[in-house]
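Taking it in order: structure first as C-alpha coordinates, then the write-up.
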Amino acid sequence: MASKKLLIIDDEPAIRRTLKDILENEDYQVEDAADGAEGLKRIQENEYDVVLCDIKMPKMDGIEVLEKVIASGQDVPFVMISGHGTIDTAVDAIKKGAYDYISKPPDLNRLLVTLRNATDKASLVTETKRLKKKVSKKYEMIGESKAINGIREMIDKVAGTDARVLITGENGTGKELVARSLHEKSTRSKAPMIEVNCAAIPSELIESQLFGHEKGAFTSAIKQKKGDFELADGGTLFLDEIGDMSLSAQAKVLRALQENKITRVGGDKEIKVNVRVIAATNKNLKKEIEEGEFREDLYHRLGVILIQVPALRDRKDDIPLLANHFIEMICEEHGMPAKEFDSGALKALQGFDWTGNIRELRNVVERLVILCDKKITAKDIETFVK
(Lines give C-alpha, C1' and ligand atoms only; values in the text may rest on other atoms or scores of the structure.)
Protein backbone atom coordinates (compact mmCIF):
# COMPACT_ATOMS: atom_id res chain seq x y z
CA MET A 1 0.00 0.00 0.00
CA ALA A 2 1.37 3.46 -0.94
CA SER A 3 2.37 5.65 1.98
CA LYS A 4 0.15 8.63 2.78
CA LYS A 5 1.26 12.12 1.81
CA LEU A 6 1.19 14.65 4.65
CA LEU A 7 1.85 18.41 4.87
CA ILE A 8 3.01 20.08 8.11
CA ILE A 9 2.35 23.84 8.32
CA ASP A 10 4.08 25.41 11.33
CA ASP A 11 6.22 28.53 11.84
CA GLU A 12 8.53 26.81 14.37
CA PRO A 13 11.41 25.00 12.57
CA ALA A 14 12.10 22.70 15.56
CA ILE A 15 8.46 21.51 15.63
CA ARG A 16 8.44 20.90 11.87
CA ARG A 17 11.73 18.97 12.02
CA THR A 18 10.65 16.82 15.00
CA LEU A 19 7.24 15.99 13.55
CA LYS A 20 8.75 15.25 10.14
CA ASP A 21 11.28 12.79 11.63
CA ILE A 22 8.58 11.02 13.66
CA LEU A 23 6.07 10.78 10.84
CA GLU A 24 8.56 9.69 8.18
CA ASN A 25 9.53 6.92 10.57
CA GLU A 26 5.80 5.96 10.53
CA ASP A 27 5.99 5.67 6.71
CA TYR A 28 4.32 9.00 5.83
CA GLN A 29 5.63 11.06 2.90
CA VAL A 30 6.10 14.41 4.65
CA GLU A 31 6.44 17.93 3.26
CA ASP A 32 6.48 21.09 5.33
CA ALA A 33 5.73 24.82 5.06
CA ALA A 34 6.96 27.63 7.32
CA ASP A 35 3.76 29.71 7.35
CA GLY A 36 0.11 29.72 6.28
CA ALA A 37 0.66 31.46 2.94
CA GLU A 38 3.31 28.92 1.88
CA GLY A 39 1.15 26.06 3.14
CA LEU A 40 -1.88 27.27 1.16
CA LYS A 41 0.23 27.54 -2.00
CA ARG A 42 1.47 23.96 -1.55
CA ILE A 43 -2.08 22.65 -1.04
CA GLN A 44 -3.22 24.45 -4.21
CA GLU A 45 -0.38 22.91 -6.22
CA ASN A 46 -0.27 19.38 -4.74
CA GLU A 47 -2.54 16.65 -3.40
CA TYR A 48 -2.21 15.62 0.25
CA ASP A 49 -3.95 12.92 2.27
CA VAL A 50 -3.89 15.03 5.44
CA VAL A 51 -2.65 18.45 6.63
CA LEU A 52 -1.22 19.04 10.12
CA CYS A 53 -1.61 22.78 10.65
CA ASP A 54 -0.60 25.17 13.45
CA ILE A 55 -3.19 27.81 14.35
CA LYS A 56 -1.04 30.79 15.44
CA MET A 57 1.28 31.78 12.56
CA PRO A 58 2.48 34.99 10.86
CA LYS A 59 1.15 36.11 7.43
CA MET A 60 -1.87 33.77 7.58
CA ASP A 61 -3.11 31.80 10.57
CA GLY A 62 -4.19 28.16 10.42
CA ILE A 63 -7.93 28.87 10.60
CA GLU A 64 -7.67 31.16 7.57
CA VAL A 65 -5.77 28.45 5.64
CA LEU A 66 -8.49 25.95 6.58
CA GLU A 67 -11.30 28.30 5.46
CA LYS A 68 -9.63 29.08 2.12
CA VAL A 69 -9.05 25.38 1.36
CA ILE A 70 -12.67 24.49 2.21
CA ALA A 71 -13.95 27.43 0.11
CA SER A 72 -11.94 26.09 -2.87
CA GLY A 73 -13.83 22.78 -2.64
CA GLN A 74 -10.86 20.58 -1.64
CA ASP A 75 -11.59 17.70 0.73
CA VAL A 76 -8.20 17.23 2.41
CA PRO A 77 -8.67 16.69 6.19
CA PHE A 78 -7.03 19.22 8.53
CA VAL A 79 -5.70 18.34 11.98
CA MET A 80 -5.12 21.63 13.83
CA ILE A 81 -2.36 21.98 16.46
CA SER A 82 -1.67 24.86 18.85
CA GLY A 83 0.33 25.63 21.95
CA HIS A 84 -2.15 28.35 22.95
CA GLY A 85 -5.23 26.19 22.77
CA THR A 86 -8.42 26.29 24.77
CA ILE A 87 -11.61 24.30 24.49
CA ASP A 88 -13.14 27.27 22.61
CA THR A 89 -10.28 27.21 20.09
CA ALA A 90 -10.77 23.50 19.48
CA VAL A 91 -14.54 23.82 19.08
CA ASP A 92 -14.13 26.78 16.70
CA ALA A 93 -11.62 24.87 14.54
CA ILE A 94 -13.88 21.82 14.25
CA LYS A 95 -16.96 23.98 13.55
CA LYS A 96 -15.06 25.56 10.68
CA GLY A 97 -14.33 22.16 9.16
CA ALA A 98 -11.19 20.77 10.82
CA TYR A 99 -11.12 17.00 11.30
CA ASP A 100 -9.63 17.28 14.80
CA TYR A 101 -7.59 19.48 17.15
CA ILE A 102 -4.49 18.55 19.17
CA SER A 103 -2.64 20.67 21.77
CA LYS A 104 1.13 21.23 21.71
CA PRO A 105 3.26 19.44 22.61
CA PRO A 106 1.27 16.66 20.94
CA ASP A 107 0.83 13.30 22.57
CA LEU A 108 2.49 10.98 20.03
CA ASN A 109 0.00 8.11 20.33
CA ARG A 110 -2.98 10.42 20.01
CA LEU A 111 -1.39 12.19 17.04
CA LEU A 112 -0.76 8.93 15.15
CA VAL A 113 -4.29 7.61 15.84
CA THR A 114 -5.82 10.93 14.72
CA LEU A 115 -3.78 11.03 11.51
CA ARG A 116 -4.66 7.42 10.72
CA ASN A 117 -8.37 8.09 11.26
CA ALA A 118 -8.20 11.29 9.20
CA THR A 119 -6.58 9.53 6.25
CA ASP A 120 -9.04 6.64 6.52
CA LYS A 121 -11.89 9.16 6.35
CA ALA A 122 -10.30 10.87 3.34
CA SER A 123 -10.02 7.49 1.58
CA LEU A 124 -13.68 6.81 2.34
CA VAL A 125 -14.71 10.22 0.93
CA THR A 126 -12.71 9.54 -2.24
CA GLU A 127 -14.24 6.07 -2.65
CA THR A 128 -17.74 7.47 -2.05
CA LYS A 129 -17.19 10.07 -4.77
CA ARG A 130 -15.94 7.37 -7.15
CA LEU A 131 -18.98 5.20 -6.47
CA LYS A 132 -21.35 8.16 -6.87
CA LYS A 133 -19.73 8.93 -10.21
CA LYS A 134 -20.12 5.29 -11.23
CA VAL A 135 -23.80 5.28 -10.16
CA SER A 136 -24.34 8.59 -11.95
CA LYS A 137 -22.89 7.09 -15.13
CA LYS A 138 -25.12 4.03 -14.77
CA TYR A 139 -28.23 6.25 -14.65
CA GLU A 140 -27.14 8.70 -17.34
CA MET A 141 -29.69 9.44 -20.08
CA ILE A 142 -28.01 8.65 -23.41
CA GLY A 143 -29.26 9.97 -26.73
CA GLU A 144 -29.50 13.06 -28.94
CA SER A 145 -32.80 12.32 -30.70
CA LYS A 146 -35.48 15.00 -30.76
CA ALA A 147 -37.62 12.97 -28.32
CA ILE A 148 -34.82 12.55 -25.74
CA ASN A 149 -33.76 16.20 -25.96
CA GLY A 150 -37.42 17.13 -25.43
CA ILE A 151 -37.49 15.01 -22.26
CA ARG A 152 -34.30 16.68 -21.02
CA GLU A 153 -35.85 20.12 -21.56
CA MET A 154 -38.98 19.03 -19.68
CA ILE A 155 -36.89 17.70 -16.78
CA ASP A 156 -34.98 21.01 -16.55
CA LYS A 157 -38.26 22.94 -16.40
CA VAL A 158 -39.97 20.67 -13.88
CA ALA A 159 -37.18 19.36 -11.61
CA GLY A 160 -36.93 22.47 -9.43
CA THR A 161 -40.62 22.36 -8.53
CA ASP A 162 -42.52 19.91 -6.33
CA ALA A 163 -44.99 19.13 -9.13
CA ARG A 164 -45.93 15.45 -9.35
CA VAL A 165 -44.83 13.70 -12.52
CA LEU A 166 -46.32 10.68 -14.27
CA ILE A 167 -43.86 8.93 -16.60
CA THR A 168 -45.30 6.55 -19.20
CA GLY A 169 -43.67 4.22 -21.69
CA GLU A 170 -43.06 0.57 -22.53
CA ASN A 171 -41.00 -1.72 -20.30
CA GLY A 172 -37.28 -1.14 -20.66
CA THR A 173 -37.47 2.37 -22.14
CA GLY A 174 -35.71 4.08 -19.22
CA LYS A 175 -38.55 5.53 -17.14
CA GLU A 176 -36.45 5.11 -13.98
CA LEU A 177 -33.68 7.23 -15.54
CA VAL A 178 -36.16 10.07 -16.02
CA ALA A 179 -37.31 9.76 -12.40
CA ARG A 180 -33.71 9.77 -11.11
CA SER A 181 -32.82 12.77 -13.24
CA LEU A 182 -35.83 14.67 -11.86
CA HIS A 183 -34.70 13.85 -8.32
CA GLU A 184 -31.00 14.66 -8.87
CA LYS A 185 -31.82 18.06 -10.38
CA SER A 186 -34.35 18.93 -7.69
CA THR A 187 -33.93 20.82 -4.41
CA ARG A 188 -34.54 17.44 -2.72
CA SER A 189 -31.45 15.79 -4.22
CA LYS A 190 -29.59 15.56 -0.88
CA ALA A 191 -32.54 13.65 0.64
CA PRO A 192 -33.30 10.04 -0.37
CA MET A 193 -35.12 8.82 -3.45
CA ILE A 194 -37.05 5.72 -2.40
CA GLU A 195 -38.18 3.42 -5.22
CA VAL A 196 -41.17 1.10 -4.91
CA ASN A 197 -41.94 -1.44 -7.64
CA CYS A 198 -45.69 -1.76 -7.19
CA ALA A 199 -45.84 -4.79 -9.52
CA ALA A 200 -43.28 -6.77 -7.48
CA ILE A 201 -45.01 -6.45 -4.09
CA PRO A 202 -48.07 -8.66 -3.34
CA SER A 203 -51.27 -6.61 -3.00
CA GLU A 204 -51.69 -7.68 0.66
CA LEU A 205 -48.24 -6.24 1.51
CA ILE A 206 -48.18 -3.04 -0.55
CA GLU A 207 -49.90 -0.93 2.13
CA SER A 208 -47.42 -2.03 4.78
CA GLN A 209 -44.58 -1.29 2.36
CA LEU A 210 -45.83 2.21 1.62
CA PHE A 211 -47.23 3.30 4.98
CA GLY A 212 -45.44 1.04 7.49
CA HIS A 213 -47.10 -0.91 10.27
CA GLU A 214 -47.35 -1.05 14.04
CA LYS A 215 -46.19 -4.03 16.07
CA GLY A 216 -48.91 -6.68 16.11
CA ALA A 217 -50.82 -5.18 13.14
CA PHE A 218 -50.78 -8.65 11.55
CA THR A 219 -49.27 -12.05 12.32
CA SER A 220 -45.72 -11.38 11.08
CA ALA A 221 -45.58 -7.78 12.36
CA ILE A 222 -43.21 -8.51 15.25
CA LYS A 223 -42.03 -4.90 15.49
CA GLN A 224 -42.95 -1.42 14.31
CA LYS A 225 -41.80 -0.59 10.77
CA LYS A 226 -41.62 2.71 8.92
CA GLY A 227 -43.05 2.71 5.41
CA ASP A 228 -41.60 4.20 2.24
CA PHE A 229 -43.55 7.45 2.59
CA GLU A 230 -41.79 8.07 5.92
CA LEU A 231 -38.40 6.89 4.63
CA ALA A 232 -38.67 9.32 1.69
CA ASP A 233 -39.58 12.27 3.94
CA GLY A 234 -37.91 15.39 2.55
CA GLY A 235 -37.02 13.52 -0.65
CA THR A 236 -38.71 11.72 -3.52
CA LEU A 237 -40.92 8.63 -3.61
CA PHE A 238 -40.83 6.86 -6.98
CA LEU A 239 -43.86 4.62 -7.48
CA ASP A 240 -42.84 2.43 -10.41
CA GLU A 241 -45.53 0.37 -12.20
CA ILE A 242 -48.27 2.35 -10.41
CA GLY A 243 -50.82 0.77 -12.76
CA ASP A 244 -50.40 -2.54 -10.89
CA MET A 245 -51.31 -1.10 -7.48
CA SER A 246 -54.47 -2.44 -5.80
CA LEU A 247 -57.51 -0.17 -5.58
CA SER A 248 -57.32 -0.27 -1.78
CA ALA A 249 -53.72 1.00 -1.78
CA GLN A 250 -54.62 3.57 -4.45
CA ALA A 251 -57.23 5.07 -2.09
CA LYS A 252 -54.64 5.43 0.69
CA VAL A 253 -52.05 6.93 -1.66
CA LEU A 254 -54.66 9.45 -2.82
CA ARG A 255 -55.33 10.46 0.79
CA ALA A 256 -51.60 10.80 1.48
CA LEU A 257 -51.23 13.08 -1.55
CA GLN A 258 -54.24 15.18 -0.57
CA GLU A 259 -53.36 15.63 3.10
CA ASN A 260 -49.58 15.03 3.26
CA LYS A 261 -50.30 12.59 6.09
CA ILE A 262 -50.17 8.83 6.43
CA THR A 263 -51.28 6.29 9.02
CA ARG A 264 -49.36 3.07 9.58
CA VAL A 265 -51.22 -0.22 9.18
CA GLY A 266 -52.66 -1.13 12.57
CA GLY A 267 -52.16 2.40 13.91
CA ASP A 268 -54.39 5.42 14.41
CA LYS A 269 -51.76 8.17 14.68
CA GLU A 270 -51.49 10.52 11.69
CA ILE A 271 -47.89 11.15 10.60
CA LYS A 272 -47.00 14.21 8.51
CA VAL A 273 -44.84 13.54 5.46
CA ASN A 274 -43.12 15.89 3.04
CA VAL A 275 -42.63 13.82 -0.09
CA ARG A 276 -42.53 14.51 -3.81
CA VAL A 277 -44.18 11.64 -5.66
CA ILE A 278 -43.06 10.57 -9.13
CA ALA A 279 -44.97 7.68 -10.68
CA ALA A 280 -44.36 5.52 -13.75
CA THR A 281 -46.33 2.91 -15.66
CA ASN A 282 -46.22 0.85 -18.85
CA LYS A 283 -50.03 0.67 -18.87
CA ASN A 284 -52.60 2.92 -20.53
CA LEU A 285 -54.10 4.37 -17.34
CA LYS A 286 -57.05 5.98 -19.16
CA LYS A 287 -58.03 2.53 -20.39
CA GLU A 288 -57.50 1.15 -16.84
CA ILE A 289 -59.84 3.89 -15.52
CA GLU A 290 -62.53 2.90 -18.03
CA GLU A 291 -62.24 -0.71 -16.90
CA GLY A 292 -62.49 0.26 -13.23
CA GLU A 293 -58.91 -0.84 -12.44
CA PHE A 294 -57.48 2.61 -11.67
CA ARG A 295 -58.91 5.60 -9.82
CA GLU A 296 -59.47 8.63 -12.02
CA ASP A 297 -58.97 11.05 -9.10
CA LEU A 298 -55.56 9.48 -8.35
CA TYR A 299 -54.59 9.72 -12.03
CA HIS A 300 -55.26 13.46 -12.00
CA ARG A 301 -53.33 13.86 -8.71
CA LEU A 302 -50.32 12.02 -10.09
CA GLY A 303 -50.34 13.40 -13.62
CA VAL A 304 -49.71 17.10 -13.05
CA ILE A 305 -46.80 16.75 -15.49
CA LEU A 306 -46.88 13.93 -18.06
CA ILE A 307 -43.67 12.60 -19.65
CA GLN A 308 -43.88 9.96 -22.38
CA VAL A 309 -40.64 8.00 -22.89
CA PRO A 310 -40.37 6.73 -26.49
CA ALA A 311 -39.71 3.13 -27.47
CA LEU A 312 -36.20 2.41 -28.79
CA ARG A 313 -37.61 1.58 -32.26
CA ASP A 314 -38.82 5.21 -32.41
CA ARG A 315 -35.34 6.64 -31.71
CA LYS A 316 -33.05 4.37 -33.74
CA ASP A 317 -30.55 7.20 -34.31
CA ASP A 318 -29.67 6.87 -30.61
CA ILE A 319 -28.74 3.17 -30.88
CA PRO A 320 -25.02 3.75 -31.77
CA LEU A 321 -24.65 6.15 -28.82
CA LEU A 322 -26.34 3.70 -26.45
CA ALA A 323 -24.37 0.70 -27.74
CA ASN A 324 -21.03 2.53 -27.35
CA HIS A 325 -22.03 3.70 -23.86
CA PHE A 326 -22.95 0.16 -22.81
CA ILE A 327 -19.83 -1.48 -24.28
CA GLU A 328 -17.57 0.90 -22.35
CA MET A 329 -19.51 0.44 -19.10
CA ILE A 330 -19.75 -3.37 -19.39
CA CYS A 331 -16.04 -3.84 -20.20
CA GLU A 332 -15.25 -1.79 -17.09
CA GLU A 333 -17.71 -3.78 -14.94
CA HIS A 334 -16.24 -7.12 -16.07
CA GLY A 335 -12.63 -5.88 -15.82
CA MET A 336 -12.12 -6.68 -19.51
CA PRO A 337 -9.93 -4.85 -22.07
CA ALA A 338 -11.83 -2.21 -24.04
CA LYS A 339 -13.82 -3.48 -27.04
CA GLU A 340 -15.56 -1.59 -29.83
CA PHE A 341 -18.18 -1.91 -32.55
CA ASP A 342 -17.27 -1.32 -36.17
CA SER A 343 -19.62 0.80 -38.26
CA GLY A 344 -21.25 -2.28 -39.83
CA ALA A 345 -22.10 -3.70 -36.39
CA LEU A 346 -23.72 -0.44 -35.27
CA LYS A 347 -25.75 -0.27 -38.48
CA ALA A 348 -26.84 -3.90 -37.95
CA LEU A 349 -28.00 -3.10 -34.40
CA GLN A 350 -30.15 -0.29 -35.82
CA GLY A 351 -31.97 -2.85 -37.97
CA PHE A 352 -33.74 -4.55 -35.02
CA ASP A 353 -37.09 -3.53 -33.53
CA TRP A 354 -35.92 -4.02 -29.91
CA THR A 355 -39.23 -5.05 -28.39
CA GLY A 356 -37.46 -5.10 -25.00
CA ASN A 357 -36.16 -1.58 -25.66
CA ILE A 358 -32.98 -0.26 -23.98
CA ARG A 359 -32.92 -3.10 -21.44
CA GLU A 360 -32.80 -5.65 -24.28
CA LEU A 361 -30.07 -3.69 -26.10
CA ARG A 362 -27.93 -3.59 -22.95
CA ASN A 363 -28.27 -7.36 -22.47
CA VAL A 364 -27.31 -7.96 -26.10
CA VAL A 365 -24.24 -5.71 -25.81
CA GLU A 366 -23.17 -7.64 -22.69
CA ARG A 367 -23.51 -10.91 -24.61
CA LEU A 368 -21.39 -9.52 -27.46
CA VAL A 369 -18.72 -8.22 -25.07
CA ILE A 370 -18.38 -11.68 -23.51
CA LEU A 371 -18.48 -13.74 -26.71
CA CYS A 372 -16.71 -11.59 -29.33
CA ASP A 373 -13.19 -10.41 -30.08
CA LYS A 374 -11.92 -6.88 -29.53
CA LYS A 375 -13.64 -5.52 -32.68
CA ILE A 376 -17.32 -6.50 -32.89
CA THR A 377 -18.51 -6.83 -36.48
CA ALA A 378 -21.79 -7.12 -38.41
CA LYS A 379 -21.10 -10.87 -38.73
CA ASP A 380 -20.95 -11.11 -34.91
CA ILE A 381 -24.34 -9.39 -34.74
CA GLU A 382 -25.73 -11.88 -37.24
CA THR A 383 -24.30 -14.80 -35.21
CA PHE A 384 -25.17 -13.78 -31.65
CA VAL A 385 -28.26 -11.55 -31.92
CA LYS A 386 -31.45 -13.39 -32.64
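The values are calculated or read from the model by the stated rules, or taken from the named source; none is laboratory data. Source: prediction; values computed, not measured. Backbone-built Cβ (ideal geometry, glycine too); neighbour counts: all protein chains shown.
In segment 216-231, the count of residues that are without any contact (Cβ under 8 Å) to a residue 24 or more places away in the chain and within 30 Å of residue 358 (Cβ to Cβ) is zero.
Among the residues of segment 1-27, just one is of a type in the set (Gly, Ala, Ser) and either in contact with a helix residue (DSSP H, G or I) (Cβ under 7 Å, 6 or more places away or on another chain) or part of a helix (DSSP H, G or I) (or both), namely 14.
Residue 325 passes all but one of (1) in a helix (DSSP H, G or I); (2) touching a residue at least 40 places away in the same chain (Cβ under 8 Å); (3) exposed (fewer than 15 other Cβ atoms within 10 Å of the Cβ); which number fails? Residue 325 satisfies every listed condition except (3).
For residue 43, the requirement of being at pLDDT below 90 and among the β-branched types (Val, Ile, Thr) is not met.
Conditions (1) over 22 Å from residue 17 (Cα atoms); (2) crowded, with 17+ Cβ neighbours inside 10 Å, marked per residue:
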| residue | (1), (2) |
| --- | --- |
| 57 | no, yes |
| 72 | yes, no |
| 77 | no, yes |
| 80 | no, yes |
| 90 | yes, yes |
| 93 | yes, yes |
| 96 | yes, no |
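Of the helices (runs of 4 or more DSSP H) that lie entirely inside segment 191-298, those containing 2 or more residues that are crowded, with 16+ Cβ neighbours inside 10 Å and within 26 Å of the chain's Cα centre (by Cα) span 203-211, 228-231. The C-beta contact set for segment 16-33 (first residue without any contact (Cβ under 8 Å) to a residue 60 or more places away in the chain and on the phi > 0 side of the Ramachandran plot, second residue surrounded by 15 or more Cβ atoms within 10 Å (Cβ to Cβ) and part of a helix (DSSP H, G or I), distance under 7 angstrom, 6+ apart or interchain) is empty. Of the residues making up segment 334-353, those that are part of a helix (DSSP H, G or I) and under 33 Å from the mean Cα position of the chain (by Cα) are 334, 346, 349.
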